[in-house]
1. Restricted to Cα positions, what overall size does the chain have along the principal axes? Three whole-Å values, descending.
2. With a cut-off of at most 11 other beta carbons within 10 Å, and DSSP calling the residue loop, which trypsin sites (Lys or Arg not before Pro) in the stretch 136-172 qualify? Please list them.
3. Counting only chymotrypsin sites (Phe, Trp or Tyr not before Pro) that sit in a DSSP loop (anything but H, G, I, E, B) with at most 16 other Cβ atoms within 10 Å, what is the longest stretch of the chain containing none of them?
4. Among the listed pairs Lys51/Lys149; Lys80/Lys149; Lys51/Lys148, which are separated by more than 29 Å between their Cα atoms?
Amino acid sequence: MDQLKSRDDPETIWRVYLGLQSCVSILMKDPDNYRELINALYSYNWQLEKKINLAFLHLLSTFVSANSIFLLPTFQLVVKSLVQLPNTYGLVQSTGVVNTTAPLITSSIQPLSELTAQLHNLLRYVVCTVPTGLAELTPVLASNFPYKKQPIEILTNYVRELLCICEYLPVLQPRILE
């Protein structure tokens, strides 16, 4: 728990995520006993190395596959990330101007475009695993739509992500376009 909260040792975090994948059945027997661990997992910081992000995405997909109670928290985490990531990565300044002069992405942090593609792959996988989850995804998409007073770049980015979702989940297209 300390490592997941402090996130100061990337190698250990990666190993924890890999190890938890093999322990999902234990966690699923009584999720209430592991609530603190699960809450720590669902407050994930995406500004980590690619291998850590991949291990975490696989862990999330394993959670949803093992128990659909993790469907809604996974949808919420992924959709919030699609809204917040460009700002977190420093692409949008507080003035609303796209910051192209001072990249905050270092070589050890996964590029935003790759991470966004992986988040979309996770959404696609989760919906394929739990098709009835489409009914829960639409309200999550709507509730995470940025406010009108947000910088135009944030609004534009979210609409771009929604249109991307329309491509691989065409059944949601009418609801998303509404």
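1. Largest to smallest, the principal-axis extents are 45, 39, 23 Å.
2. Those that pass, being in a loop and sparsely packed, are Lys148, Lys149.
3. No qualifying site falls inside 43-146, the longest such stretch.
4. Flagged as over cut-off: Lys51/Lys149; Lys51/Lys148.
Where a number appears in this text, it was derived from the coordinates with a stated rule and is not lab data. Remember, predicted model here, so these are calculated numbers, not experimental data. Please note: Cβ atoms are built from the backbone with ideal geometry, for glycine as well, and neighbour counts cover all protein chains shown.
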